[in-house]
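A.B. asks: Okay, here's the structure, questions in a sec.
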Amino acid sequence: MKNRITFIGAICSIALGMLLVAPVTAQAWGNEGKYVHFFDSDVRLPLTGQAAEFTREKYDEQIEQFNKKYQKDYDALYTNHDKEQAELNDLMAALDERHSNGEITEEEYAIEYDKLQADLETLENEFTKKIEAFETKSEEELEKLEKQQQEEEAFIETYELPTKEFLVTVDTISTELLSLNPSLSGLEYVPNLKYFTGEISREWTVSDTRSLLNTPKLEILHLPISNQTNLNSMKNLIQLKELHLEAGGYANKEEEHIQETMNDERYTEALLTDISALSNATNLKKLSVSAEGAMPVVTLRKGTTSYELVDPIVLSSQFDGATLSYYSYLDETNYSYASNDLLKWEGLTGEEDMLLFDWDVSQGQFGFRGIGQIPIRWK
């Protein structure tokens with residue numbers, strides 16, 4: 001019997017060369033296929049490396065399972081062959097015994113012997129062909145699997161496109177969000193995300209948080225945002241335990257510097273005034289929100305000397321029973337007014353270009369404070 005050869009799957013590696021599997025398609029960039037594009041490089045690059053590793057390990061597992069199945073099927077082929085060979089050998093032994101006992105003539109023995117020998121030869125020839133065909137097919141399938149592994153890894157790393165299959169396994173993203181115009185685009189494909197953390201920088205802020213509508217398992221979120229008047233995009237974060245938000249009055253530090261250079265301290269981003277959507281986060285243990293920004297322009301008739309705005313800040317249920325402190329004031333004057341439910345400015349001259357205020361409310365581990373501007377249009 002020929003010696004059994006253990007197939008270990010050591011196929012010569014296929015050179016990638018300048019391999020680019022396919023051009024980036026609209027489907028890939030549009031997140032409609034198996035890949036997802038993250039606009040923000042500080043989110044995209046770490047996920048790309050993890051996705052490549054995930055893909056490599058996935059195919060390594062498939063190759064391991066393939067080799068196990070190969071060995072099992074290979075052994076089964078030899079088991080069946082050994083059984084058929086043993087049956088023919090038994091027939092040969094019985095023939096020899098009948099011949100020794102004189103049960104058959106020399107001529108009859110020769111005829112049956114030749115037939116059994118022919119059957120044995122046919123069995124060996126067919127088995128050899130079967131083994132060769134089996135090994136050829138197995139090598140082709142393994143080579144195809146290894147090529148798919150190399151191509152998919154190369155595609156992910158070349159175009160920085162994590163797969164949706166990988167993203168459902170992600171529960172933590174830690175990033176500094178220091179890239180130009182940071183974005184959460186793509187997080188909607190990370191449904192099991194629990195922790196989105198990192199150093200909050202005011203260099204750049206996130207102005208579109210709608211992707212958070214599809215991350216309901218988030219437990220910890222640290223995020224610099226801007227131009228958000230409410231937190232409705234976080235209404236589905238019912239498992240949230242810790243939230244740290246900085247809602248900037250400028251989209252980025254560069255914009256703030258430009259305003260300061262022009263001796264104009266007007267905020268360019270909308271003011272966050274409504275955090276009521278967080279009422280759904282009944283597991284919240286720690287909340288810190290700071291806000292800066294501008295409210296919509298108010299038009300006042302010339303000659304108006306006072307203006308009031310009743311309780312513009314909308315709190316979440318975490319602050320039930322807490323006292324909210326408002327402080328109204330005017331630039332370059334000594335005027336100020338403190339209240340728990342009212343913003344009030346008096347002594348207006350028609351020269352003012354904005355009304356200023358701040359607020360502060362806290363309760364236990366929950367805090368919400370901010371500075372607001374209300375631009376004036378005199379008419």
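A.B. asks: Under 6 Å between Cβ atoms, which residue pairs at least 6 apart in sequence (or on different chains) link something in the stretch 130-158 that is in contact (Cβ under 8 Å) with a residue 24 or more places away in the chain and under 30 Å from GLY49 (Cα atoms) with a partner that is basic (Lys, Arg) and surrounded by 15 or more Cβ atoms within 10 Å (Cβ to Cβ)?
C.D. replies: GLU153/ARG56
A.B. asks: Another question, if that's okay. Out of contact with any Asp or Glu (no Cβ under 9 Å at 6 or more places or on another chain), assigned to a helix (DSSP H, G or I), in the same structural domain as LEU221 (by the TED database) and not aromatic (Phe, Trp, Tyr) - does that describe any residue in the stretch 287-308?
C.D. replies: The answer is no; no qualifying residue exists.
A.B. asks: If I filter the stretch 289-325 down to residues being under 36 Å from the mean Cα position of the chain (by Cα) and hydroxyl-bearing (Ser, Thr, Tyr), which single residue comes out as farthest from ARG369 (Cα to Cα)?
C.D. replies: SER317
A.B. asks: Moving on. Just need a number here: residues in the stretch 184-234 that are basic (Lys, Arg) and within 20 Å of THR268 (Cβ to Cβ).
C.D. replies: 1
A.B. asks: Go through the residues of the stretch 222-229 one by one and say whether even a single one is within 18 Å of ASN283 (Cα to Cα) and at pLDDT 95 or above.
C.D. replies: No, the conditions are met nowhere in the stretch 222-229.
A.B. asks: Checking VAL170 against (1) over 30 Å from TYR78 (Cβ atoms); (2) assigned to a helix (DSSP H, G or I), only one condition comes out false. Which one?
C.D. replies: (2)
A.B. asks: Of (1) assigned to a helix (DSSP H, G or I); (2) surrounded by 13 or more Cβ atoms within 10 Å (Cβ to Cβ); (3) of a type in the set (Gly, Ala, Ser), ALA133 satisfies all except one. Which?
C.D. replies: Answer for ALA133: the failing condition is (2).
This table checks each residue for (1) surrounded by 14 or more Cβ atoms within 10 Å (Cβ to Cβ); (2) part of a helix (DSSP H, G or I); (3) hydrophobic (A, V, I, L, M, F, W, C).
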site: LYS72; (1), (2), (3): no, yes, no
site: THR79; (1), (2), (3): no, yes, no
site: GLU84; (1), (2), (3): yes, yes, no
site: ASP90; (1), (2), (3): no, yes, no
site: ALA110; (1), (2), (3): no, yes, yes
site: ASN125; (1), (2), (3): no, yes, no
site: GLU151; (1), (2), (3): yes, yes, no
site: ALA154; (1), (2), (3): yes, yes, yes
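A.B. asks: Separate question: Taking GLU254 and the conditions (1) at pLDDT below 95; (2) surrounded by 13 or more Cβ atoms within 10 Å (Cβ to Cβ), which numbered condition does it fall short on, given that it satisfies the others?
C.D. replies: For GLU254, the failing item is (2).
A.B. asks: May I ask you to list the residues in the stretch 342-355 that are loosely packed, with under 12 Cβ neighbours inside 10 Å and touching a Phe, Trp or Tyr at 6+ places or on another chain (Cβ under 8 Å)?
C.D. replies: Passing the criteria: only GLY347.
A.B. asks: For the stretch 65-73, indicate whether the set of residues that are modelled with pLDDT of 85 or more, under 23 Å from LYS164 (Cβ atoms) and under 32 Å from the mean Cα position of the chain (by Cα) is non-empty.
C.D. replies: Yes, the conditions are met somewhere in the stretch 65-73.
A.B. asks: So, LYS379, is that one in contact with a strand residue (DSSP E or B) (Cβ under 6 Å, 6 or more places away or on another chain) and surrounded by fewer than 16 Cβ atoms within 10 Å (Cβ to Cβ) or not?
C.D. replies: yes
A.B. asks: Test each condition in (1) surrounded by fewer than 16 Cβ atoms within 10 Å (Cβ to Cβ); (2) touching a His at 6+ places or on another chain (Cβ under 8 Å); (3) within 30 Å of PHE54 (Cβ to Cβ) for LEU161 and report the one that comes out false.
C.D. replies: Result: LEU161 passes all but (1).
A.B. asks: Take the residues of the stretch 184-211 that are of a type in the set (A, V, I, L, M, F, W, C) and at pLDDT 95 or above: which is farthest from GLN239 (Cα to Cα)?
C.D. replies: Of everything passing the filter in the stretch 184-211, VAL190 is farthest from GLN239 (Cα to Cα).
The values are calculated or read from the model by the stated rules, or taken from the named source; none is laboratory data. Computed from a predicted model, the values in this text were never measured in an experiment. So basically every Cβ, Gly included, is an ideal-geometry build from the backbone, and we count neighbours across all protein chains shown.
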